[in-house]
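The values are calculated or read from the model by the stated rules, or taken from the named source; none is laboratory data. Quick caveat: nothing in here was measured; it's all calculated off a predicted structure. Here the Cβ positions follow ideal geometry from the backbone for every residue, glycine too, while neighbour counts run over all protein chains shown. Areas reflect the complete protein model, heavy atoms only, side chains present, ligands, DNA and RNA absent. Shrake-Rupley method; radii C 1.70, N 1.55, O 1.52, S 1.80 Å.
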Amino acid sequence: MWKSKPDGGPERLVALADGVFAIALTLLVLDFYVPRGLASDEYDDALHELIPNLGGYGLSVVVLGAFWREHRRIFGFVRQLDGQVITLSILGLSIAALLPFPTKLLSEYGQEPESVAIYAATVAALGAAHLAVLLVLVRRPWLRGGTRPPGGFRLYALDLSVTVVVFVVSIPLALSVGDAAMWLWLVMAPIKVVIGRRAERAR
């Protein structure tokens, strides 16, 4: 059984997370390229071919930005880390760093069911890692410097759970109906807005 031994404050882990998310966001734009020396009609075609990349970029910026914000919110309550929190956090950051690859698959092969499923699985795994960290922190008040979880913790957990459930459900849906499964992801938007507002009031 894992024993919780405080192992310093969260500052270095938060700084590492900021760096990983920043690098992941930067990697999203590396595939944007227009060859030199194109004729006018070829140039127009090249720009048109970038549209899926811009869509994938926009989607992943929203995803990574939301997880980065959630990470900072959660660790704003943390005073000490232990080995399990560090391990789960590193796992989550490794998945965040991986997201540019399924983003490229979604941009270039978005009509392939496997591309949608791989992207959904990556986001679901990222959400699950964040949720696991949050649940550990809820059960270990000595890491938070308090006896009761902050009011927003339950809502943060609900927010992450919605993300995980929606993306997990979209995996088999993508394999059966293809890229139309991505419309399911829009279901999260109004739900997460409501949860986010309630979480802000509960802080």
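Only one residue in Ala181, Ala202, Ala174 is closer than 27 Å to Ala97 by Cβ, among the hydrophobic types (A, V, I, L, M, F, W, C) and either at pLDDT below 90 or open to solvent by 10 Å² or more (accessible area, probe 1.4 Å) (or both). Which one? Steps first, answer last, please.
Working: Ala202 fails: closer than 27 Å to Ala97 by Cβ; Ala174 fails: either at pLDDT below 90 or open to solvent by 10 Å² or more (accessible area, probe 1.4 Å) (or both).
After ruling out the rest, the residue left standing is Ala181.
Selection of the range 66-114 for residues being closer than 14 Å to Ala17 by Cα and aromatic (Phe, Trp, Tyr) yields Phe67, Trp68, Phe75.
Within the range 7-28, does at least one residue satisfy the condition of being in contact (Cβ under 8 Å) with a residue 60 or more places away in the chain and on the phi > 0 side of the Ramachandran plot? So that I can check it myself, show each step before the final result.
Step one: of the range 7-28, the residues in contact (Cβ under 8 Å) with a residue 60 or more places away in the chain are 7-10, 13-14, 16-17, 20-21, 23-24, 27-28.
Filter once more, so that each one left must be on the phi > 0 side of the Ramachandran plot: 8.
The answer is yes, given that some residue of the range 7-28 is in contact (Cβ under 8 Å) with a residue 60 or more places away in the chain and on the phi > 0 side of the Ramachandran plot.
When the range 146-163 is limited to residues that are surrounded by fewer than 19 Cβ atoms within 10 Å (Cβ to Cβ) and β-branched (Val, Ile, Thr), the one that is modelled with the highest pLDDT turns out to be Val162.
Wholly within the range 1-117, which helices (runs of 4 or more DSSP H) include no fewer than the required count, namely at least 2 residues that are open to solvent by 90 Å² or more (accessible area, probe 1.4 Å), charged (D, E, K, R) and farther than 27 Å from Val136 by Cβ?
Values: elements: 11-27, 40-49, 51-75, 83-98, 100-108.
Helices (runs of 4 or more DSSP H) meeting the threshold: 40-49.
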